[in-house]
Each structure stands twice: as C-alpha cells, then as structure tokens.
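K.L.:
Could you have a look at this structure, given as structure tokens, before my questions?
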Amino acid sequence: MSTWQRVHVNLRKAHGLFPVSSRRVTQPNTWKYGHVTLCKSLSTSRPLRNDFFKDLEVQLAAMRQKALDALPGSDWSPLEMDRSLPPERADVVIYSQASTVLSAGGIRQQFSLPENICLSMASTQFMKNINEHLHVLNEDPVDLQFNHSGYLFLANEEVAHIMEENYKTQRSFGAHVSLLSATQLKEKFPWINTDGVALASYGLENEGWFDPWTLLHAFKRKALSLGAEQCIGEVTDFKYTSNIATTAEGDQVAQSRITSVKVQVSNSLEYQPIECAIVVNAAGALSGKLAAMLGISLPVEPRKRYIYVFNCPDGPGLDTPFLIDCSGVWFRREGLGGNYIAGTSPEEALEPDTSDLEVDYQFFEEKVWPHLASRVPALEKLKVTSAWAGFYDYNTFDQNGVIGLHPFLNNMFFATGFSGHGLQHSPAVGRAVAELIMEGNFTSIDLSNLSFRRIIQKEPMLERNIL
C-alpha cells in the first residue's frame, strides 16, 4: 500500500482559523423522530408490493440499529446534535485558512531548493493520479483541468548564471526542464520580444496550472467521505502546561504542551473548548497571529497580491506557457477566447495595505501592463475585464515553508509560510505532516531543513525563485 493510501486520518474540517479534528471516540449517532412511510399506493400490484417490502425492510433495519445504539455503553443521545459545532475532544486539531481559490493555480518544478523541487514533483504525481487518492464512491471523477503548457522563466545577463545553477539542481533531481538561448526562445515562441533576454528556462513536463477550487473541493469531499464534518469557528485562545528542562549545555528552557483550544462558534457568542492531543497550525497568512497567542514568534504575515483578468483577441495562442518575465511580471492563458491573467509582486517598500482585499487597478497600469506590452507586443491592445486580490502567507525570514514540530511546544506542528507556492505543494506537505504525526519522522521526502528550528537558529533556507 502506498504512503498516500496509508495516510488517512478522520478530520473535522474548518474554514478560516478553525478546527479540524479526528475524534477519539465514536461519533454520537443522532436521529430525528419522524414519519415512516409504509406504502405509496393502495394498489396490490406485484411491483409496488415488492417496493413496499423493500422499504419496510430498510425501515426495520434502521429501527433495529437505533435500538442497538440506545443500549448502555453506546454514544446514542436523544438530542439532535449540531454538526457545525466543534467537538469537545479531538486527537488532532488543525487550524486552516488559505487563499486557495484566489491563487493562479500554477505548479512548477523550477525552484532553487531541492526540497521545493521534490515537493513539486511529488505533488504533480499526486495530481496526475488524483482519482486514485481522492475518488469518492458514487461521485463524479475529479477533473483538475490541468493545463500542461509549462513554465517559462526569462533571465537577463545579470541573473543568467543563477538560472544555470538552478537548472543543474532541477535536472539532478529529475525535473524535465530545458535552457533556451534568446535565439531558440524566439524560434519556439515568435510572439515574444527577446530584447534583454540572455537565457530562458522552460518546463517540458509536469508543469502548468490547474483549477484551485476543484482541488480544494476534492480534498474536502474525500475527507467528508471518510467521516470528517465541517464546522466553522475562530480560535481565540489556548490552554497549555509548561515544564522547565535543562539542556546538555546547562541552559534552562521551557517545554510546553497544548491541552485545549478555545473556539468561538461562527455567528455566535458561544465558545467551545476542545481538548486535544496534537495541534497543526495551517492557518496560512494568519498563522503568525495564531502562534503569537502561545508566545511564539513565527515570521509569517499576510501580503496582498493582485491578479488581473484581461482579454486580448490577438494575444498568444494555446501553446502559451506560464511566463515569468525578467521584471517579475507574469501572465498565463485563462481558458479560451483570448483571456489571460497576470500579476507581479510589489517592491518591499510598496507592499499594499492588508486590512482588506480591494484591488488597485492603478498598480496594473503602472507596474504590470508596461512590462507585458514590452515583452509581448500584441498585449499592447489588451483590455482588463476583472481582478481579485488574495493573501500570501509570506515568510519574511526566507520566503519558504515552515514544516514540522515546534522544538519547545511539543504538540504543535506547522505547515505554513510558503509565500505563494503552498497550493501546489499541498498534497506533498499534507503527506509529510501526516508522516511526522503517525511515524515520528519524514518517510517520503526529507524536509528537516524546513523545520522551525532554522528560524530559532537564524539559518535561512533562501528560495531564489519566488514570484
């Protein structure tokens, strides 16, 4: 049995900074007193009589099960349970919030760090065989609408040597990428203006983009089929115990352990404490805020990013890759009919306000469109049709994910800080965290270098290819 298939944990899904749990006890069986239909017609024809007895057998079986559930020692309750409420106890509590459906949905192997390359390769294989992992009986197969057009990075003379170094690393780990000179680039994509381009890196396989909402829905649907229940609330506090431990060097450090989590139920003043054994902080852009409740300094904060939708009937055709210009501006096709999406990250000093998700269209006019029109002359005639904004869970320390257990809080695991590449790595990261919880170590991809310890020791793992 593959690792993907082994890692099945019943989760209670939440939206926002909200709990997801696997229950330690059997879920209370609840039912409503109601009307039992014995027959649908006064006719005594054989087909209807057969239907009557079939319906009766089903009803009697249900009644027998209810009687068994009501025996001493069962979890039966005569009260109707609200499935939107958090549980009182949980083995694992996961806090999750993400901009999944607001992302561009890209996946690439063109990273500089081996860990990120391997995460992409593993996630790609998961997505290519997604129905082996996320298929649900009697439900439609999952179709991610994966577009395999690849990524195309452009580099000027100043950074061409970095692209060459990244290429060697990517190839050494099995990524299918190719380097193109400016002449080769022009031959392959005649619509590109190659002025200022010294080198290009093109993904030949297992790169492109997919529908983020479909992936999110597929994960949720599978979790629900395995017994998960979705609830909505906001984590407002933790209870934990602390002990003082002495290191080999004689230093004293506090070792803490979370015992329960306080959750405010959505649209209510009601609070529900949840006793738990393990906590996973996957709260995305707000994971730093969540960690601060425990006195933990996690260098992850929200950074707002815009995605603009535009139409250009004379723009590049169906072979258009996900193009990243030397300037950092990117664009890709969005369906058919000459539609595209584009964006770029602002300069550090010009980071937009994160108190809302309002879109700055002037940013497109000044920072995006000029570079698009320069690189692809046909896009001079584009017309913006819509736009949206979302948050990066931006790791200000080294723009890389934080994965694994906190060294001084021995039951909180982290899966956050991916700075824009969290969605594409989510299948492999989810598996990695499950391995840590179930096995005590990484068994598929060694992600030890992405642990929280590097932050404490001030040893950044810098990723060069961040969009």
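The values are calculated or read from the model by the stated rules, or taken from the named source; none is laboratory data. Note that the structure is a prediction, hence the values are computed from the model and not measured. For neighbour counting, all protein chains shown are included, and Cβ atoms are generated from backbone atoms with ideal geometry for every residue, glycine included. Please note that ligands, DNA and RNA were not included when accessible areas were found on the heavy atoms of the full protein model with its side chains. Shrake-Rupley method; radii C 1.70, N 1.55, O 1.52, S 1.80 Å.
K.L.:
Could you run through segment 180-213 and say how many residues are under 27 Å from Ser123 (Cβ atoms) and buried (at least 18 other Cβ atoms within 10 Å of the Cβ)?
P.N.:
Total meeting the criteria: 13.
K.L.:
For segment 435-467, give me the residue count where each residue is of a type in the set (Ser, Thr, Tyr), assigned to a loop (DSSP other than H, G, I, E, B) and either in contact with a strand residue (DSSP E or B) (Cβ under 8 Å, 6 or more places away or on another chain) or free of Cβ contacts under 8 Å to residues at least 24 places away in the same chain (or both).
P.N.:
Restricting attention to segment 435-467, the residues satisfying the condition of being of a type in the set (Ser, Thr, Tyr) are 443-444, 448, 451.
Going one step further and asking which of them are assigned to a loop (DSSP other than H, G, I, E, B), we end up with 443-444, 451.
Now restrict to residues that are either in contact with a strand residue (DSSP E or B) (Cβ under 8 Å, 6 or more places away or on another chain) or free of Cβ contacts under 8 Å to residues at least 24 places away in the same chain (or both): 451.
Qualifying residue count for the region: 1.
K.L.:
Of everything in segment 324-356 that's free of Cβ contacts under 8 Å to residues at least 60 places away in the same chain and aliphatic (A, V, I, L, M), which residue is nearest to His148 (Cα to Cα)?
P.N.:
Result: Leu336.
K.L.:
Would you please name the residue that is least open to solvent (accessible area, probe 1.4 Å), looking only at residues in segment 379-431 that are farther than 14 Å from Ile455 by Cβ and of a type in the set (Val, Ile, Thr)?
P.N.:
Val429
K.L.:
For segment 243-267, which positions are modelled with pLDDT of 85 or more and either loosely packed, with under 11 Cβ neighbours inside 10 Å or at positive phi (or both)?
P.N.:
Asn243
K.L.:
Select from segment 299-341 the residues that are within 20 Å of Asp393 (Cα to Cα) and touching a His at 6+ places or on another chain (Cβ under 9 Å) and write down the one among them that is surrounded by the fewest Cβ atoms within 10 Å (Cβ to Cβ).
P.N.:
So the residue we want is Gly328.
K.L.:
In addition: Take the conditions small (Gly, Ala, Ser), surrounded by 14 or more Cβ atoms within 10 Å (Cβ to Cβ), within 21 Å of Pro321 (Cα to Cα) and free of Cβ contacts under 8 Å to residues at least 60 places away in the same chain and apply them to Ala155. Does it pass?
P.N.:
When the stated conditions are applied, Ala155 does not pass them.
K.L.:
So Leu382 clears everything in (1) in contact (Cβ under 8 Å) with a residue 24 or more places away in the chain; (2) under 28 Å from the mean Cα position of the chain (by Cα) except one condition, right? Which one?
P.N.:
Of (1) in contact (Cβ under 8 Å) with a residue 24 or more places away in the chain; (2) under 28 Å from the mean Cα position of the chain (by Cα), only one is false for Leu382: (2).
K.L.:
Just to be sure I understand, how many residues within segment 166-197 are in a helix (DSSP H, G or I) and not hydroxyl-bearing (Ser, Thr, Tyr)? Lay out the reasoning, then the answer.
P.N.:
Quick first cut of segment 166-197, residues in a helix (DSSP H, G or I) only: 166-172, 182-188.
Remaining after also requiring not hydroxyl-bearing (Ser, Thr, Tyr): 166, 168, 170-171, 182, 184-188.
So the answer is 10.
K.L.:
Being open to solvent by 30 Å² or more (accessible area, probe 1.4 Å) and part of a helix (DSSP H, G or I): is that true of Gln125 here?
P.N.:
yes
K.L.:
Could you list, in sequence order, the residues of segment 362-378 that are open to solvent by 30 Å² or more (accessible area, probe 1.4 Å), within 17 Å of Ile341 (Cβ to Cβ) and either among the acidic types (Asp, Glu) or without any contact (Cβ under 8 Å) to a residue 40 or more places away in the chain (or both)?
P.N.:
Passing the criteria: Glu365, Lys367, Trp369.
K.L.:
Here's something else I'd like to know. Residues of segment 198-247 being assigned to a loop (DSSP other than H, G, I, E, B) and closer than 24 Å to Glu334 by Cβ, which ones?
P.N.:
Leu204, Glu205, Asn206, Glu207, Phe210, Asp211
K.L.:
Taking the condition of being assigned to a helix (DSSP H, G or I) and either modelled with pLDDT of 95 or more or among the aromatic types (Phe, Trp, Tyr) (or both), how many residues in segment 324-380 meet it? Show your work before the answer.
P.N.:
If we filter segment 324-380 for residues that are assigned to a helix (DSSP H, G or I), which is where we start, we get 348-350, 361-375, 377-380.
Applying the additional criterion that residues be either modelled with pLDDT of 95 or more or among the aromatic types (Phe, Trp, Tyr) (or both) yields 361-375, 377-380.
Residues in segment 324-380 being assigned to a helix (DSSP H, G or I) and either modelled with pLDDT of 95 or more or among the aromatic types (Phe, Trp, Tyr) (or both): 19 in total.
K.L.:
Something else now. With respect to Gly174, determine if the residue is modelled with pLDDT of 95 or more, loosely packed, with under 15 Cβ neighbours inside 10 Å, under 26 Å from the mean Cα position of the chain (by Cα) and within 14 Å of Ile117 (Cα to Cα).
P.N.:
yes
K.L.:
I've got another one for you. Please enumerate the residues belonging to segment 268-277 that are open to solvent by 90 Å² or more (accessible area, probe 1.4 Å) and without any contact (Cβ under 8 Å) to a residue 24 or more places away in the chain.
P.N.:
If the condition is that a residue be open to solvent by 90 Å² or more (accessible area, probe 1.4 Å) and without any contact (Cβ under 8 Å) to a residue 24 or more places away in the chain, then Leu269 is the only one that fits.
K.L.:
I'm told Leu137 meets every condition in (1) in a strand (DSSP E or B); (2) touching a residue at least 60 places away in the same chain (Cβ under 8 Å); (3) in contact with a helix residue (DSSP H, G or I) (Cβ under 8 Å, 6 or more places away or on another chain) except one. Can you identify the failing condition by its number?
P.N.:
(1)
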